[in-house]
Structures are given as structure tokens and as C-alpha cells.
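Enquirer: Quick one: structure below, then a few questions.
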Amino acid sequence: AGGVAGATARTASAPLDRVKLLFQVQAVAARQGRAASGVASAREYTGVAQSLRKIYAEEGLAAFWKGNFTNVVRIFPYSACQLMANDLYKRALSSGDGKPLTVSTRLIAGALAGMTATAVTHPLDTVRLWLPLPSP
């Protein structure tokens, strides 16, 4: 269930993630004094609404989810592991008397769950970053 929730959230936010990525590429291109892969000028994307309109006009509706599969493949195991670990840590940290957990206990369980999910899925992130690199 956690993996599906993470994949759904990532897919729902993919259009804004695409705009964020275009802004980042544009900023790097501006700093380097040149256009970068797919960004014709250093000031082509000026705002969120303008960028969304431009993407839709030039590439169509499907362009908002370009590269989303890779993100879903990455987020699915992370979210599943994080939510499972969060439940596990909350049970382990509970006093067992049926009282609700304190805010600090839930915060500790969430932090531990995030660390666990990162440790488990870090090799996947490493491979994901290596894949697009040119071979030597």
C-alpha cells in the first residue's frame, strides 16, 4: 500500500516536478552562458503558469509526465519501506498500554523510518544515477 501511495503522489505531482527540472536546467545553462539540452535560451521559462502553458503548447499533455516512470520506479520501494518501517517503529516505541503515542515518539518513529528507507533504497538511487552517464 505504501508503494502505491508513493507512486500515486509522485504521478500527481509530476507536472510540477517537470517545471522544477526545467527551471534547474535553465539556471545551470544561464550560469554556463549557454543553452542546455532542450532549453533554447537561458530565460525561456519565466514562471510556473507560463511554463505549464509552454510545455502543453509545444509538447502536448503527455509531456507533463515525461520521465515519470523512472521516478515511480525509484519512489515505489522507498515509500513502501518507509511506511512499513514507520508502523514497525511506532509499535516498538509504544508503551503497550493502548495510550496514543506522543508527538515526539511519532517524530522519532518517522525519522527512523526515513533513515531505514534511505538506507535500504540507496543502492537503487546509485544505480539510477549511473544509468544515464556515458560509459568510459
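The values are calculated or read from the model by the stated rules, or taken from the named source; none is laboratory data. Remember, it's a predicted structure, so these values are computed and weren't measured experimentally. Note that we place each Cβ from the backbone using ideal geometry, even for glycine, and neighbour counts take in every protein chain shown. These accessible areas exclude ligands, DNA and RNA; they are computed on the full protein's heavy atoms, side chains included. Shrake-Rupley method; radii C 1.70, N 1.55, O 1.52, S 1.80 Å.
Enquirer: When we measure straight from the Cα of Lys20, which lysines land under 27 angstrom away, once same-chain ones fewer than 8 places off are left out?
Expert: Filter leaves Lys54, Lys66.
Enquirer: By the scheme Lys and Arg +1, Asp and Glu -1, what is the net charge of all other residues having a beta-carbon under 14 Å from that of Gly110?
Expert: +2
Enquirer: For the stretch 47-136, what does the alpha-carbon gyration tensor say about shape, rounded, prolate or oblate, given a ≥ b ≥ c as the root eigenvalues, a/c under 1.5 as rounded, and a/b over b/c as prolate?
Expert: Oblate, since a/c reaches 1.5 and b/c is not below a/b.
Enquirer: Can you pull the one-decimal nm distance between simple spin-label points at Ser95 and Ala1, each 7 Å off the Cα toward Cβ?
Expert: In this crude label model, Ser95 to Ala1 measures out at 2.7 nm.
Enquirer: Go through 116-127, 74-85 and give me the packing order, highest mean Cβ count within 10 Å leading.
Expert: Ranking, from highest mean packing down: 74-85, 116-127.
Enquirer: Here is a further query. Can you give me the solvent accessible area of Leu88 with a 1.4 Å probe, rounded to the nearest 10 Å²?
Expert: Approximately 90 Å² of Leu88 is accessible to the 1.4 Å probe.
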